[in-house]
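Here is the structure we will look at.
The values are calculated or read from the model by the stated rules, or taken from the named source; none is laboratory data. Source: prediction; values computed, not measured. Note that we place each Cβ from the backbone using ideal geometry, even for glycine, and neighbour counts take in every protein chain shown. Each accessible area value is taken on the protein alone, full model and side chains, heavy atoms only, with ligands, DNA and RNA left out. Shrake-Rupley method; radii C 1.70, N 1.55, O 1.52, S 1.80 Å.
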Amino acid sequence: MLSGFRGLGVTLRGALRSKVTSEYPKEHLPLDNRFMGFPALTWDVPRDEPYCTGCMVCVRYCPTQCMSAKMQDNEKFSEGVSHRKKIIESFEINLGRCILCGICVDVCNFDAIEMSLEHERSERLRNANRVDLPTLLDMGRVYQVEVDWKQSKPNAASPNERAIAKAAAEEAKTAEESVAETSDPDDSVTTPEETGEDAA
Amino acid sequence: MTENVAPTNLGSTIIQVPSPEPGTVDMMVNMGPQHPATHGVFRMELRVDGEQIQDLVPHIGYLHRGSEKLCEHESYSQIITLFDRLDYVSNFNNELVIVSAVEKLMDVAPPPRAELIRIIMCEFNRIASHLLFYGTFAIDMGAITPLLYNFRDREKIQALFESVSGARMMHNYFRVGGVKEDVADEFESRSLALCDELEHGIDETDRLLTENEIFLERTSGIGVISGEDALDWGLSGPVLRASGVPYDVRVDEPYSRYDELDFGIPVGSAGDCWDRFYVRILEARESVSIIRQAIALMEPGDTMSKIRRIARPPAGEVYAHCENPRGDLGVYIVSEGGERPYRLKVRPPSFCNLQALRDLTVGHYIADAVVILGTLDIVLGEVDR
Ligand code: SF4
Ligand code: SF4
């Protein structure tokens with residue numbers, strides 16, 4: 001009798017306890033800002049162009065080889081609007097193959113690629129997850145707004161800006177970002193010959 | 001015995017009734033690869049006499065991805081992602097072994113803060129892995145409640161992982177020479193709060209299972225292995241310690257900053273399934289205490305040493321090993337210089353622990369095979385690589 005009541009007590013307590021689960025499609029758990037969703041390309045708002053120069057460093061270091069990029073001359077450079085001599089022409093990531101490792105973000109010297117919070121991209125067709133440049137930039141724009149994104153690495157394309165940023169970094173020694181990381185000569189300069197060699 | 005038979009005068013031949021011999025034959029039972037109790041794709045061929053197991057042949061390889069070979073084509077930073085996928089319930093521990101091997105080869109030391117972050121992450125991962133073990137182990141015996149409780153707690157750990165590394169499982173957070181980025185500001189308070197919750201969760205599992213009579217009947221005295229045999233089989237981790245051998249890489253060959261931390265090694269006495277279960281309960285509690293100590297030691301500082309971002313270790317050979325939740329995980333690298341290893345060999349604890357399965361199971365019942373396999377706590381991603 002007594003144990004029966006005790007059992008009922010346990011049930012009652014269980015019923016009153018707060019829920020630990022959430023019903024997924026209706027409810028979404030909050031995502032951390034660090035959450036690594038699919039990679040997306042960021043947009044340089046002042047210059048109105050992508051940050052990506054198509055240097056192919058990320059393409060070389062992607063462990064699943066799911067990306068491809070092509071570079072072109074930047075018209076805005078000749079017009080004097082931008083400091084980027086080269087700019088991305090086409091970019092494709094096969095998100096079906098991407099393992100969300102974040103290596104591309106790590107190796108990019110221009111902050112041009114970021115892991116967005118986007119994580120729900122199920123598609124009906126096998127190749128529908130091969131996303132192109134406009135889609136990636138759209139994802140990036142959404143992400144930039146969502147997390148109030150700011151460029152964290154000095155821009156290697158412009159020696160001047162780089163020097164300024166380096167000086168700023170020197171001042172703020174406490175910053176988490178390691179200075180050595182950003183001034184790696186080997187990775188910031190990639191000639192087409194080099195990339196060709198690696199791909200072969 | 002015709003001479004004892006009384007002679008008859010009927011003149012017919014005598015037909016002797018044969019003495020009764022059981023006409024049964026051993027039966028082959030196939031378990032797996034799609035069996036819920038095999039924790040992955042693992043197949044066992046059992047030869048049973050009735051319910052009793054006479055012989056057992058394990059078949060592995062269903063999850064073989066050729067990780068070791070793949071490593072030869074990947075740069076060291078890419079290999080970390082492959083190690084995430086070996087033992088996919090203790091990713092941080094796996095990352096630690098590969099980065100410490102490359103660090104050893106390059107002779108660099110990560111900053112002290114990075115070392116502590118690594119330790120904290122690894123110990124949280126150990127608890128998460130053990131929580132998964134309690135749950136699935138209980139399910140193997142027909143108890144479903146512990147799994148739900150354990151997954152509730154494991155979920156909290158994974159939420160913490162997400163706030164640190166950005167991913168819940170495949171983190172790719174450790175780097176050669178440090179960690180990807182520093183932890184967020186509220187990390188310490190959050191971890192300490194989580195420690196309390198986990199302690200409570202572990203106690204709950206302990207109360208639910210440990211002294212339950214059915215649980216005891218199913219586990220104590222089942223699948224006994226002596227310390228000597230366990231060493232001969234090359235077992236490691238909780239499976240070895242349950243047999244009374246106090247071997248733990250964290251203590252015997254301290255790596256990272258484990259020598260600064262004070263923690264005990266739980267050791268069993270009987271080497272049966274119950275010991276293997278309880279050693280893990282105690283170990284999770286020790287991990288909680290390690291995390292608390294490590295957080296107390298944390299000081300602000302760099303989290304990445306100033307080395308080239310793309311690791312290029314010199315030519316040479318190196319072996320490094322760390323204590324995984326499953327045992328002694330080792331990696332052997334032969335480098336010819338350059339971005340990629342010439343050869344990489346993994347010593348997977350799950351694979352080595354699985355070797356003892358036949359010895360442990362023969363003579364027990366089919367239902368016990370499931371329990372024994374459960375206490376070995378293998379992860380097929382690591383067994384098959
Ligand atoms: S590394 Fe950065 S700049 Fe270069 S192609 Fe990739 S995203 Fe663009
Ligand atoms: S996240 Fe990893 S797998 Fe995905 S595109 Fe970037 S480097 Fe490739």
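See the values below:
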read-out: Tally of residues being open to solvent by 10 Å² or more (accessible area, probe 1.4 Å) and either within 7 Å of chain A (Cβ to nearest Cβ) or not in a helix (DSSP H, G or I) (or both) across the range B:79-88; value: 2
read-out: Of residues in the range B:248-273 being of a type in the set (Phe, Trp, Tyr) and in contact (Cβ under 8 Å) with a residue 60 or more places away in the chain, the one most open to solvent (accessible area, probe 1.4 Å); value: B:Tyr255
read-out: Count of the range A:91-103 residues which are away from chain B (no Cβ under 11 Å) and within 11 Å of ligand 1 (Cβ to nearest atom); value: 2
read-out: Any hit, the range A:52-63, residues being aromatic (Phe, Trp, Tyr) and closer than 20 Å to A:Ser152 by Cα; value: no
read-out: All positions within the range B:170-189 that are more than 25 Å from B:Ile310 (Cβ to Cβ), open to solvent by 10 Å² or more (accessible area, probe 1.4 Å) and more than 9 Å from chain A (Cβ to nearest Cβ); value: B:Asp185, B:Glu186, B:Glu188, B:Ser189
read-out: Qualifying positions in the range A:115-128 - in contact with a Leu (Cβ under 8 Å, 6 or more places away or on another chain) and within 15 Å of ligand 1 (Cβ to nearest atom); value: A:Met115
read-out: Test: A:Phe77 is part of a strand (DSSP E or B) and farther than 30 Å from B:Asp153 by Cβ; value: no
read-out: Unique match (being away from ligand 2 (no atom under 12 Å from the Cβ), surrounded by fewer than 18 Cβ atoms within 10 Å (Cβ to Cβ), more than 23 Å from B:Val164 (Cβ to Cβ) and among the small types (Gly, Ala, Ser)) among A:Gly96, A:Gly80; value: A:Gly80
read-out: Cβ pairs under 8 Å, 6+ apart, first in the range B:87-113 and among the aromatic types (Phe, Trp, Tyr), second surrounded by fewer than 22 Cβ atoms within 10 Å (Cβ to Cβ) and assigned to a loop (DSSP other than H, G, I, E, B); value: B:Tyr88/B:Met169; B:Tyr88/B:Met170
read-out: Top-ranked residue of the range A:49-70 - restricted to ones that are touching a residue at least 60 places away in the same chain (Cβ under 8 Å) and of a type in the set (Ser, Thr, Tyr), ranked as farthest from ligand 1 (Cβ to nearest atom); value: A:Tyr51
read-out: The range B:57-74, subset surrounded by fewer than 16 Cβ atoms within 10 Å (Cβ to Cβ) and among the small types (Gly, Ala, Ser), residue farthest from the other protein chains (Cβ to nearest Cβ); value: B:Gly61
read-out: Search result, residues across the range B:290-347 that are within 30 Å of B:Arg190 (Cα to Cα) and open to solvent by 80 Å² or more (accessible area, probe 1.4 Å); value: B:Ala296, B:Glu299, B:Pro300, B:Lys306
read-out: Qualifying residue in the range B:160-169 (condition: outside any helix (DSSP H, G or I) and open to solvent by 30 Å² or more (accessible area, probe 1.4 Å)); value: yes
read-out: Residue in the range A:71-82 that is touching a strand residue (DSSP E or B) at 6+ places or on another chain (Cβ under 6 Å) and touching a residue at least 40 places away in the same chain (Cβ under 8 Å) present; value: no
read-out: Identity of the residue in the range A:16-40, hydroxyl-bearing (Ser, Thr, Tyr) and within 11 Å of chain B (Cβ to nearest Cβ), that ends up surrounded by the fewest Cβ atoms within 10 Å (Cβ to Cβ); value: A:Ser22
read-out: Residue match in the range B:55-69 (condition: under 29 Å from A:Cys58 (Cβ atoms), in a helix (DSSP H, G or I) and out of contact with any Lys or Arg (no Cβ under 8 Å at 6 or more places or on another chain)); value: yes
read-out: Residue within the range A:45-59 that is under 21 Å from A:Val147 (Cβ atoms), more than 14 Å from every other protein chain (Cβ to nearest Cβ), within 16 Å of ligand 2 (Cβ to nearest atom) and outside any strand (DSSP E or B) present; value: yes
read-out: Verdict on A:Lys85 being in contact with a helix residue (DSSP H, G or I) (Cβ under 6 Å, 6 or more places away or on another chain), more than 14 Å from every other protein chain (Cβ to nearest Cβ) and either away from ligand 2 (no atom under 15 Å from the Cβ) or in contact (Cβ under 8 Å) with a residue 60 or more places away in the chain (or both); value: yes
read-out: Residue within the range B:138-159 that is facing chain A (nearest Cβ under 10 Å), farther than 27 Å from B:Asp368 by Cβ and buried (at least 22 other Cβ atoms within 10 Å of the Cβ) present; value: yes
read-out: Within the range A:104-139, tally of residues that are open to solvent by 40 Å² or more (accessible area, probe 1.4 Å) and away from chain B (no Cβ under 11 Å); value: 14
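Each row is one residue, and each column tells you yes or no for (1) at pLDDT 85 or above; (2) within 15 Å of ligand 1 (Cβ to nearest atom).
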| residue | (1), (2) |
| --- | --- |
| A:Gly37 | yes, no |
| A:Thr42 | yes, yes |
| A:Arg47 | no, yes |
| A:Arg130 | yes, no |
| A:Leu133 | yes, yes |
